[in-house]
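Taking it in order: structure first as structure tokens, then the write-up.
The values are calculated or read from the model by the stated rules, or taken from the named source; none is laboratory data. Everything quoted here is computed from the prediction, not taken from an experiment. No Cβ is skipped: glycine too gets one built from the backbone with ideal geometry, and neighbour counts run over all protein chains shown.
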Amino acid sequence: MIPRRRRHAAWRQAAFLGLVLLVGGVGAALYNQRPANEDDLAIPIGELRSQGFELALLNDNATRGRDRRFVKAHAHQLAQSIERSRDELASLRAAAKFAATRSAALQRSEPLLDAAGQFGAGRAPLDAATAAQIVAVAEQLKSLEGTLKR
Amino acid sequence: MGKFAEVFLGILTAMGGFVEIGELTFTLNAGRRFEYALLWIVLLGTVGIMVYCEMAGRIAAVKHQAVFSLIRERDGFSAGLLTLVAASLVNVLTCAAEVGGVALLWQLLSGWPYRALLLAALVFFVVVVWSTPFEWIERIFGLGGLLMIVFMVLAVRLEPDWASVAAGFAPSLPRPAGGRDTLMYTFYGVALLSSIMLPYETYFYAAGGIEDRWKPSDVTLNRVVVIVGFSLGALLSVSLVLIGAEFFKPRSLDPALPGTAALAAADSFGNIGLYVALLGMFFAFAGAAIETALSAAYNLAQFAGWPWGLDKRPRDASRFALAWIAVFVLATVVVMTGIDPISVVEYSIVFSVVVLPLSYFPVLAVARDRGIMGPYANGPLANALGWFYLVLITVAALAALPLFVATHAGQG
Amino acid sequence: MKPTLELMRDVLDHDVVDVDGVRCGMVDDIEFAEGAAGAPVLAALLVGPGAWQERLPALLAVVSAWLFGRARTRVPWGEVAELTQSVKLARRASELGLGRLDRKAATWLKRLPGA
């Protein structure tokens, strides 16, 4: 049997630890509640920009005869990353002045998901029009990102 | 086996085992964001890991004692327990990232579903470690990792401006672009340093020395393997920075998947380059998964006084065997939750920086103690370097968490 | 053995190894008895969770007691044959009640092929 003195000390330490965790938890929750600023928005938009350019690179390689299974599988992994970034962007509570940027980014990145899906369905490489669209989308996201980082 | 062959193999194994998923990601992105400006960190980190692995290996050869029993003896029970818990957490997270990385690579080669491949990876790792002798594990994964040389060839092929590359080896701060850039640069510097000096490498290296039954006469072998092998491994890291700068930066691409690195090789070398890169990464990540799981088991067994070692049959080191199996299972569970392996590795690298001073201090303390090491104790150079790096990693450890938070985990 | 012994440095937290060279724990605590003239005399080494829990802060001691139990094995000082880097015992671990969990784990690991 653990001596009573030790048990009491254990309770005191547990209470202190609980208090620390509570304060930390509340602090973290409050921090997450604050409206997203330009830095917060720039992260998922930057990810989408990178994913767009990566899709373009993948397509370019597909036209040059890369292993089809690899192209399909990599596109699948990319599609999941794109979805994650879009979800993150959608979940941010943007301050009023950034709301327009956020919606623009979400809207413009939709074709990326479609294109990645096309790869996944085995339709690689993409037709010229879609390929050009992907590059255009990526460039647009890049300039959106640029306005936020200024 | 002849000494020459043993040294040669040791060097190749050290080289092939140098890079794992965290370091791959950080080096590529460091090059992508800062071009060659962080190359001096690669150099700094490489010398650091050489210094500490050499000391730990020397201790293993002379005292036949591995790092964690040193930690308990020198730091005492409570501090040792704290280090054990922290190091175990880091090991499990790193193992999880490597297992996830392996499943991602297998998916790229086979097209099969990710979660099924995670389970397959778990079975693969448990069967391999259960049935393969230690030297063969070291050799297969170390030598297989040498396929990563494709990235060295790619770096040269991309024709970097060698003068700028050389300039990158001198310490510098980023162009005065203001507070945010400097913050990111510092974070990347700390993270890169940490990913090169990951503690599991030292624990595993020393435990390996004991498994290989090193004697005091092996002290020179230890030194040669560490210096030459890690230098060659560092060349690989440098190549990855170059690829980040020359391939990914012009394309505005932030590499975030193993397949992205393979795509760079494929772009220049076609399907051959693709397969070599994928296979090289497989051996590198799988080797790291095995090393981190074994490292966690070594640490626990050494701290608790259990029999340990792959040289023993599992029944003769039963809790040790259960420990490494449990680590693989836990690691697989972590990535099964769907968390992205690259995110896991970012967390593990930052937290491992915090563990570094606790893990490295006892190594230095014992290696320089003439009463324990006799004529094999640290000379003035080893002492100077040992202290320098201890101070450096302590500063890095203090800075790591604030930087992590301030830069949103290195993303912005 | 040396004429004077630094217990904290040379005994506590060192490996315990039995006569066959098998590791069977760490010296988790040391027990003293009252010797002649009231001076404390080294009586035994203590191995096991019940021993190291005493060295932890109370909260951790309670949690670890719940997780790992409070078993403790007492190894009389007379059983110690030699003190080098490890504490070497004169008999087998099983005869002294050490390493029980390893043997228990071994009984069901043995059923697997290659164990």
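For B:ILE325, the stated conditions do not hold, so it cannot be described as away from chain C (no Cβ under 14 Å) and outside any loop (DSSP other than H, G, I, E, B).
For the stretch B:135-156, which positions are of a type outside the set (A, V, I, L, M), more than 19 Å from the chain's Cα centre (by Cα) and closer than 14 Å to B:LEU240 by Cβ? Within the stretch B:135-156, no residue meets the criteria. Against the numbered list (1) out of contact with any Lys or Arg (no Cβ under 6 Å at 6 or more places or on another chain); (2) at negative phi; (3) modelled with pLDDT of 90 or more; (4) surrounded by fewer than 20 Cβ atoms within 10 Å (Cβ to Cβ), C:VAL87 comes up short only at (4). Taking each residue of the stretch B:391-405 that is hydroxyl-bearing (Ser, Thr, Tyr) and looking for partners that are part of a helix (DSSP H, G or I) with beta-carbon atoms closer than 6 Å, six or more apart or interchain, yields B:THR394/B:PRO357. Please tell me if B:ILE393 is hydrophobic (A, V, I, L, M, F, W, C) and modelled with pLDDT under 90. No.
For the stretch B:69-79, the criterion of being over 29 Å from B:ARG368 (Cα atoms), surrounded by 24 or more Cβ atoms within 10 Å (Cβ to Cβ) and more than 14 Å from chain A (Cβ to nearest Cβ) is satisfied by no residue at all. Scanning the stretch A:5-55 for residues that are of a type in the set (A, V, I, L, M), surrounded by fewer than 23 Cβ atoms within 10 Å (Cβ to Cβ) and over 23 Å from A:ALA94 (Cα atoms) yields a count of 10.
Kindly evaluate B:GLU98 against the criterion of being modelled with pLDDT under 95, within 28 Å of B:MET15 (Cβ to Cβ) and surrounded by 15 or more Cβ atoms within 10 Å (Cβ to Cβ). The answer is no for B:GLU98. Please indicate, with yes or no, whether at least one residue in the stretch B:117-134 is closer than 24 Å to B:ALA266 by Cβ, surrounded by 19 or more Cβ atoms within 10 Å (Cβ to Cβ) and either over 19 Å from the mean Cα position of the chain (by Cα) or more than 14 Å from every other protein chain (Cβ to nearest Cβ) (or both). Yes, the stretch B:117-134 has at least one match.
The C-beta contact set for the stretch C:23-41 (first residue within 14 Å of chain B (Cβ to nearest Cβ), second residue surrounded by 10 or more Cβ atoms within 10 Å (Cβ to Cβ) and aromatic (Phe, Trp, Tyr), distance under 7 angstrom, 6+ apart or interchain) comprises C:ARG23/B:TRP306; C:ASP28/C:TRP52; C:ASP29/C:TRP52. Within the stretch B:361-412, which residues are within 14 Å of another protein chain (Cβ to nearest Cβ), part of a loop (DSSP other than H, G, I, E, B) and either of a type outside the set (D, E, K, R) or buried (at least 19 other Cβ atoms within 10 Å of the Cβ) (or both)? Correct list: B:THR407, B:HIS408, B:ALA409, B:GLY410, B:GLN411, B:GLY412.
From the list B:LEU38, B:LEU43, B:LEU28, B:LEU70, the one residue that fits, being touching a helix residue (DSSP H, G or I) at 6+ places or on another chain (Cβ under 9 Å) and at pLDDT below 90, is B:LEU70. For the stretch B:159-202, residues that are over 30 Å from B:THR292 (Cα atoms), at pLDDT below 85 and part of a helix (DSSP H, G or I) total 3.
Of the residues making up the stretch B:239-255, those that are facing chain A (nearest Cβ under 10 Å) and in a helix (DSSP H, G or I) are B:PHE247, B:PHE248. Among the residues of the stretch B:310-343, the one identified as within 21 Å of the chain's Cα centre (by Cα), modelled with pLDDT under 95 and under 23 Å from B:GLN65 (Cβ atoms) is B:LEU310.
Counting the residues of the stretch C:59-115 that are in a loop (DSSP other than H, G, I, E, B), within 12 Å of chain B (Cβ to nearest Cβ) and either touching a residue at least 40 places away in the same chain (Cβ under 8 Å) or not charged (D, E, K, R) (or both) gives 10.
Yes/no matrix, rows are residues, columns are (1) touching a residue at least 60 places away in the same chain (Cβ under 8 Å); (2) under 30 Å from B:PHE169 (Cα atoms):
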residue: B:LEU232; (1), (2): yes, yes
residue: B:SER237; (1), (2): yes, yes
residue: B:ASP267; (1), (2): no, yes
residue: B:ALA277; (1), (2): yes, yes
residue: B:GLY287; (1), (2): yes, yes
residue: B:GLN302; (1), (2): yes, no
residue: B:ARG313; (1), (2): no, no
residue: B:ILE325; (1), (2): yes, no
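Among the criteria (1) within 14 Å of chain C (Cβ to nearest Cβ); (2) small (Gly, Ala, Ser); (3) in contact (Cβ under 8 Å) with a residue 24 or more places away in the chain, the one A:GLY117 does not fulfil is (1).
The single residue among A:GLY27, A:GLY46 that is more than 14 Å from chain C (Cβ to nearest Cβ), part of a helix (DSSP H, G or I) and more than 29 Å from B:ARG32 (Cα to Cα) turns out to be A:GLY27. Comparison of B:LEU89, B:LEU82 shows that the only residue that is within 11 Å of another protein chain (Cβ to nearest Cβ) and either part of a loop (DSSP other than H, G, I, E, B) or surrounded by fewer than 19 Cβ atoms within 10 Å (Cβ to Cβ) (or both) is B:LEU82.
Name the residue that is nearest to B:LEU109 (Cα to Cα), counting only residues in the stretch B:256-281 that are in contact with a Lys or Arg (Cβ under 7 Å, 6 or more places away or on another chain) and at the interface with chain A (Cβ under 10 Å from one of its Cβ atoms). So, considering only residues that are in contact with a Lys or Arg (Cβ under 7 Å, 6 or more places away or on another chain) and at the interface with chain A (Cβ under 10 Å from one of its Cβ atoms), the one nearest to B:LEU109 (Cα to Cα) is B:LEU274. Taking the listed residues B:LEU253, B:LEU198, the one that is aliphatic (A, V, I, L, M), within 21 Å of B:GLY410 (Cα to Cα) and within 22 Å of the chain's Cα centre (by Cα) is B:LEU198, with no other qualifying. Considering every residue within the stretch A:63-71, establish whether at least one is at the interface with another protein chain (Cβ under 9 Å from one of its Cβ atoms) and either aromatic (Phe, Trp, Tyr) or within 22 Å of A:ALA100 (Cβ to Cβ) (or both). Yes: one or more hits.
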